[in-house]
Amino acid sequence: MTRWHKRASAAIAMLAVLAVAAGAAGSQAADFTEPVAPRFVDVATATGVEHAYTGDWTHYVGGGVAAFDCDPDGDPDLFFAGGASPARLYRNDSVPGTLRFSAISDSELVETGVTGAYPLDIDGDGMMDLAVLRLGANRLYRGLGDCRFARADEAWDVAGGDGWTTAFSAVWESANRLPTLAFGDYVDRDMWAAMHTPFGDSAIGEAPTPACPDNVLFRPASAGAATYGPVIPLSPGHCPLSMLFSDWSRTGRPDLRVSNDRFYHEDTGEEQLWHLGAEPRLYGRADGWPRLRIWGMGIASHDLTGDGLPDYFLSNMGANRLRTLAPGAIAGPEFREIAFERGVEAKRPHAGDDERPSTAWHSQFADVNNDGWIDLFVAKGNVEEMEEAAANDPNNLLLGGPDGRFREASVEAGAASMGRSRGGAVIDLDLDGLLDIVVVNRMTNVELLHNRSRGAGRWLQVMLQQESANGNAISAWIEVRTAGRIQRHEVVVGGGHVSGQAGWIHFGLGPHEVAEVRVQWPDGTWGPWQHTAANRFLLIERGRTVVDARRTR
């Protein structure tokens, strides 16, 4: 039995125990009649989580969280960036219906300068590792089990640099032993000393001389190498706050989308898409890539249009953007705007009396009420005291419906925080089938929004495994079919705003008691459709039928 199989068996055994507790709470899905707004309660302090993202202007951006299983016992533990404060790792001690966390004070991860983090199994040993982004040298930590970690960036020959890192993504290219890693740096360090105010000597809203460093790419030294080759610059950089490897054309070749803050690049830069050939190159107008300049802060992807291709939500100051590939544009990345028609622009606060433009950061698609229609969470908050932007800027919880449009529901759902939110995660913390929301705030305590909905629909949660270095099947596509309708999910590492998660992948099923699921594996091979009952955790191993399916409520 491999180390991963032992880990998976332990997690599944724990789920079996949790199933008893969850079943005792009774079935909510049986009462499902129509889509309803979820109900969230902030229980951070009550669960033992006290942490804030702090610091001066160098920490106005950043403030992420990594949600992943480091025990492993099947549920997601939480690692919070701290900025000027030490980062914190919390062990998840929850049971269905009750959230509990305990701080791991002696963790190797506790250090200052952390802006965000992303979990992934870099060395393929079945234990989640962690890419930690920092103001200063970035770190790669190898997971050792039981939430213990060891520095591994030097062993893997990855130079951490000395920048201000605010973006990250990773993907496996071909059959490489190690993933390709991309890091994005914000403003050049040489500029910092010359800045006497957060935005230079100029008034807020007037950018200083652009000073965006190159982003960097690390590829394995060879296909079978356990270390990385020389750093590959991605030039020019335009001060990114998010990046994502994603297969925008479903041709089996993920490219790197980069969302940049136009405050620093002004007319010199734009949103970017890098083609990952032997030599990375930028897509341009000749390829169909349209010029777009926004205050880009986060990327979220999902197939909203049902064409089998990912669409991209780009969080922004003012009106957010939602980009979909133009019909017939598979040969080139020609995207068009659909944010207004889908109702996700959310350009001003939806609650309170502040009518100035909103500032959006982390964003994530997820079905928070299990009605089978994807929803969208957006963390919002003023950079600090920007007079042109709303000071009271509540987070968005946009509920999707069968007409393809979204409606705001954060106030009635209890998710309309007025904190200066940054990173986040929408994830099932207590494995009860209902997605919870984690929010990192600047200078105030994080929020753990526990989903206590009644009348929510049914669900599935899926985890993938294959016998390769890319054991968690990054770049795979999962499809879930109910009554002839298909939901699709691309397995990625990156996006959001300095926040990543790994583990169970959630699908809402609405009133359906059964579903079918299949996987397109990273090499393009399709697995068969497999039938399953609702309200189950499905571990799908490549080449086999569903392994262990546990009903929890």
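The values are calculated or read from the model by the stated rules, or taken from the named source; none is laboratory data. The structure presented is a predicted model; accordingly, all values stated were derived computationally and were not measured. Here Cβ is always computed from backbone atoms with ideal geometry, including for glycine, and neighbour counts include all displayed protein chains. SASA here: full protein model, heavy atoms, side chains in, ligands and nucleic acids out. Shrake-Rupley method; radii C 1.70, N 1.55, O 1.52, S 1.80 Å.
Things to note:
- Residue 249 vs. criteria assigned to a loop (DSSP other than H, G, I, E, B) and open to solvent by less than 40 Å² (accessible area, probe 1.4 Å): yes
- Qualifying residue in segment 296-303 (condition: more than 21 Å from residue 167 (Cβ to Cβ), open to solvent by less than 30 Å² (accessible area, probe 1.4 Å) and either assigned to a loop (DSSP other than H, G, I, E, B) or not aliphatic (A, V, I, L, M) (or both)): yes
- Restricting attention to segment 166-223, the residues that are over 15 Å from residue 280 (Cβ atoms), modelled with pLDDT of 90 or more and of a type in the set (Phe, Trp, Tyr) add up to 3.
- Taken over segment 320-331, residues that are over 14 Å from residue 310 (Cα atoms), open to solvent by 10 Å² or more (accessible area, probe 1.4 Å) and touching a residue at least 40 places away in the same chain (Cβ under 8 Å) amount to 1.
- Hits in segment 55-68 - residues which are assigned to a loop (DSSP other than H, G, I, E, B) and either modelled with pLDDT under 95 or of a type in the set (D, E, K, R) (or both): 56
- When segment 39-54 is filtered for residues that are under 21 Å from the mean Cα position of the chain (by Cα) and in a loop (DSSP other than H, G, I, E, B), the ones remaining, listed by number, are 44, 49, 51, 52.
- Among the residues making up segment 432-461, those that are out of contact with any His (no Cβ under 8 Å at 6 or more places or on another chain), within 24 Å of residue 536 (Cβ to Cβ) and surrounded by fewer than 23 Cβ atoms within 10 Å (Cβ to Cβ) are 452, 453, 454, 455.
- Within segment 75-96, if we keep just the residues that are part of a loop (DSSP other than H, G, I, E, B), under 20 Å from the mean Cα position of the chain (by Cα) and of a type in the set (A, V, I, L, M), the residue that is farthest from residue 428 (Cα to Cα) turns out to be 87.
- Odd one out for residue 285, checked against (1) within 29 Å of residue 319 (Cα to Cα); (2) surrounded by 15 or more Cβ atoms within 10 Å (Cβ to Cβ): (2)
- Test: residue in segment 226-240 that is surrounded by 24 or more Cβ atoms within 10 Å (Cβ to Cβ) and part of a strand (DSSP E or B): yes
- Scanning segment 391-406 for residues that are within 20 Å of residue 348 (Cβ to Cβ) and surrounded by 21 or more Cβ atoms within 10 Å (Cβ to Cβ) yields 393, 394, 395, 396, 397, 398, 399, 406.
- Listed by first and then second residue, the pairs with beta-carbon distance under 8 Å, at least 6 apart or on different chains, first residue in segment 250-264 and without any contact (Cβ under 8 Å) to a residue 60 or more places away in the chain, second surrounded by fewer than 24 Cβ atoms within 10 Å (Cβ to Cβ) and basic (Lys, Arg), are 262/293.
- Scanning segment 523-547 for residues that are modelled with pLDDT of 95 or more, at positive phi and open to solvent by 20 Å² or more (accessible area, probe 1.4 Å) gives a single hit, 524.
- Residue within segment 408-421 that is part of a strand (DSSP E or B) and buried (at least 24 other Cβ atoms within 10 Å of the Cβ) present: yes
- Residue in segment 118-131 that is of a type outside the set (Asp, Glu), open to solvent by 20 Å² or more (accessible area, probe 1.4 Å) and in contact with a strand residue (DSSP E or B) (Cβ under 7 Å, 6 or more places away or on another chain) present: yes
- Considering the conditions (1) modelled with pLDDT of 95 or more; (2) open to solvent by 20 Å² or more (accessible area, probe 1.4 Å), residue 428 is excluded by exactly one of them, (2).
- Residue count for segment 151-176, restricted to those that are free of Cβ contacts under 8 Å to residues at least 60 places away in the same chain and either open to solvent by 40 Å² or more (accessible area, probe 1.4 Å) or part of a loop (DSSP other than H, G, I, E, B) (or both): 8
- Within segment 422-431, the set of residues being under 30 Å from residue 541 (Cα atoms) and either in a loop (DSSP other than H, G, I, E, B) or not aliphatic (A, V, I, L, M) (or both) comprises 424, 428, 429, 430, 431.
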